[in-house]
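Colleague: Before we start, here is the structure in question, set down as structure tokens.
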Amino acid sequence: MNHYDEIRTRHEITIIESVAENLRKRDFEAMVLNSNDAVRQYIESEIQPDQTVGFGGSVTVRELGLDTLLRGRGNTVFDHWDANLSPEERLSTRRRQLDADCFITGSNAITRDGRIVNIDGIGNRVAAMIFGPRRVIAIVGANKIARDLDDAIWRIKNIASPRNSMRLSMDTPCARTGACVECSSRSSVCRVTTIIDYRPSETKFTVILLPVPLGF
Ligand code: SF4
């Protein structure tokens, strides 16, 4: 790592440590881990082999290989991205995520003052982040940190949603132009917006922050 990379990393760590502190003030468990391997080790140590695990529709989770890791270890996983599922099975998998022992997901954005912001098309991911699973673990790269709520929504609608529209081959304006026009398309991936201000009171909720970009 050269001198300039070191400064970039130091800056990212300084920011995410202050976000972690603000999340703790909001009753979340929050930690900074420095590498993808450290996240995988943490997940392996925290989740028991007999526990059920739901995965949110999250590029971060797949980039980290957590679906492969836990499936390979024998955990029962509810993963609606499994290409072998029929549309009906995909829907029932989304429902089963709501009652999993642990739900692992990314987040579209977190504000510097510690609010967790997401936009969904179907809503299973944001529903599971609020109530149902006994535990939620959200893994968040430094690219998801937003200045405030307006910046968080802007980031989601002009970065995450266009990329997710492209990933899902959705016929939305942002998939064509890369920018949000606040469409009312039937294909819109922006139908439900959630802001989690404080830890939902019946859910153990851990946020893992990393000083690297992850997910969309
Ligand atoms: S509202 Fe429509 S155009 Fe805007 S980001 Fe969402 S899907 Fe794309």
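Colleague: Looking only at the range 162-191, filter to residues that are touching a helix residue (DSSP H, G or I) at 6+ places or on another chain (Cβ under 6 Å) and either of a type in the set (Gly, Ala, Ser) or touching a residue at least 60 places away in the same chain (Cβ under 8 Å) (or both); which one of those is nearest to the ligand (Cβ to nearest atom)?
Modeller: Out of the qualifying residues, it is CYS190.
Colleague: Is one or more of the residues making up the range 75-97 closer than 24 Å to SER187 by Cβ, under 12 Å from the mean Cα position of the chain (by Cα) and not basic (Lys, Arg)?
Modeller: no
Colleague: Filter the range 184-207 down to the residues that are surrounded by fewer than 22 Cβ atoms within 10 Å (Cβ to Cβ) and among the β-branched types (Val, Ile, Thr), then identify the one that is nearest to VAL61 (Cα to Cα).
Modeller: THR206
Colleague: Just for the range 70-104: of the residues that are in contact with a helix residue (DSSP H, G or I) (Cβ under 6 Å, 6 or more places away or on another chain) and part of a helix (DSSP H, G or I), which one is nearest to GLU46 (Cα to Cα)?
Modeller: Only one residue fits best here, namely GLN97.
Colleague: Please list, ordered by first then second residue, the pairs with beta carbon atoms under 7 Å, 6 or more apart or interchain, first in the range 33-53 and free of Cβ contacts under 8 Å to residues at least 40 places away in the same chain, second of a type in the set (Val, Ile, Thr).
Modeller: none
Colleague: Let me ask something else about it. For the range 147-163, which positions are farther than 19 Å from ILE15 by Cα and in a loop (DSSP other than H, G, I, E, B)?
Modeller: none
Readers should treat all values here as calculations from the given coordinates under stated rules, not as data from a laboratory. Note that this is a predicted model, so its numbers are computed, not measured. Positions of Cβ are generated from backbone atoms using ideal geometry, with glycine treated the same way; all protein chains shown enter the neighbour counts.
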